[in-house]
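Colleague: Could you have a look at this structure, given as structure tokens, before my questions?
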Amino acid sequence: MSDDTLKRYRESIDNIDAALVFMLAERFKVTKAVGAYKATTGLPPADPGREESQITRLRALAQDANLDPDFTEKFLRFIIDEVIRHHQGMQGG
């Protein structure tokens with residue numbers, strides 16, 4: 001593999017990483033609004049049924065995309081755990 005080839009691969013990776021960061025930022029903007037809504041309406045920070053249905057749905061998407069569903073689940077559980085932690089903080093818990 002030439003240095004130019006490797007450089008192009010790395011540039012693609014850098015662009016994808018940047019897109020991931022911006023997508024996560026957008027996701028967290030929405031989940032922040034959800035957390036505020038839950039805090040004002042007295043809903044619990046976590047919704048295990050919703051979380052599990054999301055994991056199931058996204059594992060299937062990962063499978064369709066030829067991405068390891070176990071990796072996808074670990075990644076999503078990390079994100080979900082962070083969202084719940086933020087929601088708990090918004091409720092003073």
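Colleague: Give me the number: length gained by fully extending residue 18 to residue 71, i.e. 0.36 nm times residue separation minus the C-alpha to C-alpha distance, one decimal in nm.
Modeller: On the way: separation 53, 0.36 × 53 = 19.08 nm, distance 1.98 nm.
Stretched fully, the residue 18-residue 71 segment lengthens by 17.1 nm.
Colleague: Placing unit charges on C-beta atoms (Lys and Arg positive, Asp and Glu negative, everything else neutral), compute the dipole magnitude of the chain about its Cα centre in debye, rounded to 20.
Modeller: Working: 13 positive and 15 negative charges, 85 e Å.
Approximately 420 debye in magnitude.
Colleague: Let me ask something additional. Using a 10 angstrom cutoff on alpha carbons, build the Gaussian network for the chain and name the most mobile of 21, 83, 30.
Modeller: Checking each option, the largest mean-square fluctuation is seen for 21.
Colleague: OK, next. If you add up the charges near residue 9, with Lys and Arg at +1 and Asp and Glu at -1, over every other residue whose beta carbon is less than 13 angstrom from its beta carbon, what do you get? List each step's numbers first, then the result.
Modeller: Values: positive: 7, 8, 10; negative: 3, 4, 11, 14, 17.
Around residue 9, the charge tally is -2.
Colleague: Can you tell which of 68, 14, 47 shows the greatest fluctuation in a Gaussian network model of the chain with Cα springs below 10 Å?
Modeller: Of the options given, 14 has the highest mean-square fluctuation.
Colleague: Here's another thing I want to ask about it. Determine the calculated [θ] at 222 nm for the chain from helices alone, applying -39500 (n - 2.57) to every DSSP H run no shorter than 4 residues and normalising by the residue count; nearest 500 deg cm²/dmol.
Modeller: Details: 3 runs with 78 residues, N = 93.
That calculation yields -30000 deg cm²/dmol at 222 nm.
Colleague: Over the Cα atoms of the range 3-90, what radius of gyration and what Dmax do you get, in Å?
Modeller: That works out to 16.4, 57 Å for Rg and Dmax.
Colleague: Multiply the residue gap between residue 64 and residue 37 by 0.36 nm, knock off their C-alpha separation, and tell me the result in nm, one decimal place.
Modeller: Working: separation 27, 0.36 × 27 = 9.72 nm, distance 3.33 nm.
Here the segment from residue 64 to residue 37 would lengthen by 6.4 nm.
Since every read-out is calculated from the coordinates, none of them should be taken as a lab result. This structure is a prediction, so every number in the text was calculated from the model and none was measured. Quick reminder, even Gly has a Cβ in these numbers, built from the backbone with ideal geometry, and neighbours come from all protein chains shown.
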